[in-house]
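Novice: Handing you this structure, nothing more for now.
None of the figures in this text is laboratory data; all of them are computed from the coordinates on show. No experiment lies behind these values; they were computed from the predicted model shown. Glycine also receives a Cβ, built like all others from the backbone with ideal geometry; neighbour counts cover every protein chain displayed.
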Amino acid sequence: MKEGNVILDKSFLFSIRIVKTFQYLREQKVERDLCLQLLNSGTSIGANIEEAVGAASRKDFINKLQIAYKEARETRYWLKLMKETNLIEGKLGTSLLDDCEEIIRILTSILNSSKGDKSNS
C-alpha cells in the first residue's frame, strides 16, 4: 500500500467523522464511556491502516490490517447500538454505518488478496 490510496483516505475521513460525532455526543451529554468506545475503535481503524503502510513485512502488513478490520467491526457494533437506542439520529447513524460497511468490505478484499498472494502468511 502507498500513501494516497483509497482505504487510507477513506479511513482517515471516517476518523474525522467519528471525532466530530464524539464531540456532538458529548455535547448531548451521552454517557462518556459509551462515547469513548466509539471514539477509540472508530479512530483506531485508520491508525492501524497507517501502520500497515509502514509494515516491516507481509506478515506485519496483514496483522495490522486484521486489527483494523476487527476495529471496524467493533465500530459497526457501537454505531448500531447508538442508532438503535436513538443516541445517534437515524440519518447520521445510517450514513456512518454505510461508511463503516464500505471500509469493512475494502479491508476484507485487501486481506483476501494479501493472504492469497502467499498462502496463510
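Novice: For a footprinting-style exposure proxy, rank Ile106, Ile88, Ile7, Ile45 by other Cβ within 10 Å, fewest first. Walk me through the numbers before you get to the answer.
Specialist: Details: Ile106 18, Ile88 25, Ile7 21, Ile45 29.
Fewest-to-most ranking of Ile106, Ile88, Ile7, Ile45: Ile106, Ile7, Ile88, Ile45.
Novice: Still on this structure: If each residue's Cβ is checked for other Cβ atoms within 10 Å, how do Cys35, Cys100 rank with the fewest at the top?
Specialist: Details: Cys35 21, Cys100 25.
By the 10 Å Cβ count, ascending, the order reads Cys35, Cys100.
Novice: Wrap a convex hull around the Cα atoms of the chain, take a quarter of its surface area, and give that in square nanometres. Display every interim value, and only then the final one.
Specialist: Values: hull surface 28.6 nm².
Answer in nm², one decimal: 7.1.
Novice: Pairs Lys20/Lys70; Lys10/Lys83; Lys59/Lys115; Lys29/Lys83: which are spaced more than 18 Å apart, C-alpha to C-alpha? Mind showing how you got there, number by number?
Specialist: Values: Lys20/Lys70 22 Å; Lys10/Lys83 22 Å; Lys59/Lys115 9 Å; Lys29/Lys83 16 Å.
Over 18 Å Cα-Cα: Lys20/Lys70; Lys10/Lys83.
Novice: Another question about this same structure. Take each uninterrupted DSSP H stretch in the chain, measure its Cα extent along the helix axis, and return the ones at 18 Å or beyond whose mean Kyte-Doolittle hydropathy is at least -1.0.
Specialist: Working: long enough: 6-27 (32 Å, 0.49); 32-53 (32 Å, 0.27); 58-84 (39 Å, -1.09); 90-117 (40 Å, 0.01).
Helices meeting the criterion: 6-27, 32-53, 90-117.
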